[in-house]
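Okay, so here's the structure we're looking at.
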Amino acid sequence: MGYHTFDAGRADQLERAGRRYRFLSAEELLWSLSLSPDDTVADLGSGTGFFTDDVAPHAGEVHAVDVQEAMHEYYREKGVPENVALVTSDVSDLPFDDDALDAAFSTMTYHEFASDDALAEIRRVLAPDGRLVVVDWASTGSGEDGPPVDERYSADEAATALRDAGFDIEHEAVRPETFLLIATLE
């Protein structure tokens, strides 16, 4: 399905730690990813690099993937960690070799790229023991924060799409406004 992308002109809003961590803490994201120091990771829909910055000290190499070059420009101005590479790409056409990533994560962007093609592409680039973490706005939420409710998925819908794409769901959590899924390849 997929919907609009976040307006890069409002990128400053993505740097508000108090609001961002209200829906996903750095600790929860790192726990979900379960990284090793030499892992290669992709942040799918990285935006300004807010969560990329949290992951970078715990991984060998991080790819900040965003479809909007304007988001990368903002990130460059903010300062990109040495082990982070900026990648301008749609999730359905990732410029990585097969099995190139140990992990990938999407924070509040799954609803923007969700499609069979995108999930197949993520599956292609993840290593056999790779891990995918998806945290997104839940369709069961109030809609006071994030995108309109009609542009969101439920945790069950996202989990079903991931299973259909060849992932096992290891963990599922539903909160008032968001859901978290940890998936591995079957």
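The values are calculated or read from the model by the stated rules, or taken from the named source; none is laboratory data. Treat the numbers as computed from the prediction; the structure is a model and nothing was measured. Note: ideal-geometry Cβ built from the backbone for every residue, glycine included; neighbour counts use all protein chains shown. Accessible surface areas use protein heavy atoms only, side chains included; no ligands, DNA or RNA. Shrake-Rupley method; radii C 1.70, N 1.55, O 1.52, S 1.80 Å.
Among the residues of segment 116-136, are any in a strand (DSSP E or B), surrounded by fewer than 22 Cβ atoms within 10 Å (Cβ to Cβ) and of a type outside the set (A, V, I, L, M, F, W, C)?
Step one: filter segment 116-136 for residues in a strand (DSSP E or B), giving 126-136.
Still in the list and also surrounded by fewer than 22 Cβ atoms within 10 Å (Cβ to Cβ): 127-129.
Pick out the ones that are also of a type outside the set (A, V, I, L, M, F, W, C) and you get 128-129.
Yes, that holds for at least one residue.
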Here is a list of conditions, (1) open to solvent by less than 30 Å² (accessible area, probe 1.4 Å); (2) in a loop (DSSP other than H, G, I, E, B); (3) at pLDDT 95 or above, and PRO147 meets all of them except one; can you say which number that is? (3)
Looking at segment 69-77, is at least one residue in contact (Cβ under 8 Å) with a residue 60 or more places away in the chain and of a type in the set (Lys, Arg)? no
State whether the residues of segment 99-114 include one that is over 16 Å from the mean Cα position of the chain (by Cα) and more than 20 Å from VAL62 (Cβ to Cβ). no
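Restricting attention to segment 71-78, does a residue exist that is open to solvent by less than 20 Å² (accessible area, probe 1.4 Å), within 27 Å of VAL174 (Cα to Cα) and touching a strand residue (DSSP E or B) at 6+ places or on another chain (Cβ under 8 Å)? I'd like the intermediate steps shown before the answer.
Here is the first cut: in segment 71-78, the residues open to solvent by less than 20 Å² (accessible area, probe 1.4 Å) are 71-72, 75.
Narrowing the set further to residues that are within 27 Å of VAL174 (Cα to Cα) leaves none.
Checked against the condition, which is being open to solvent by less than 20 Å² (accessible area, probe 1.4 Å), within 27 Å of VAL174 (Cα to Cα) and touching a strand residue (DSSP E or B) at 6+ places or on another chain (Cβ under 8 Å), segment 71-78 yields no hits at all.
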Looking only at residues that are closer than 11 Å to ASP54 by Cβ and surrounded by fewer than 17 Cβ atoms within 10 Å (Cβ to Cβ) in segment 1-25, which one is modelled with the lowest pLDDT? ALA17
Pick from PRO37, PRO57: which is under 11 Å from ASN83 (Cα atoms), open to solvent by 30 Å² or more (accessible area, probe 1.4 Å) and not in a strand (DSSP E or B)? PRO57
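Being crowded, with 22+ Cβ neighbours inside 10 Å and assigned to a helix (DSSP H, G or I) is the filter here, so list the residues in segment 88-111 that pass it.
At the first step, the residues of segment 88-111 found to be crowded, with 22+ Cβ neighbours inside 10 Å are 91, 101-111.
Selection gives VAL91, TYR110, HIS111.
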Restricting to segment 60-70, and then to whatever is closer than 18 Å to LEU132 by Cβ and of a type in the set (Asp, Glu), can you tell me which residue is least open to solvent (accessible area, probe 1.4 Å)? ASP66
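Where residues in segment 102-113 are of a type in the set (A, V, I, L, M) and under 16 Å from ASP66 (Cβ atoms), which of them is modelled with the highest pLDDT?
Here is the first cut: in segment 102-113, the residues of a type in the set (A, V, I, L, M) are 103-104, 108.
Filter again for under 16 Å from ASP66 (Cβ atoms), leaving 104, 108.
Numbers: ALA104: 98, MET108: 92.
The extreme case among them is ALA104.
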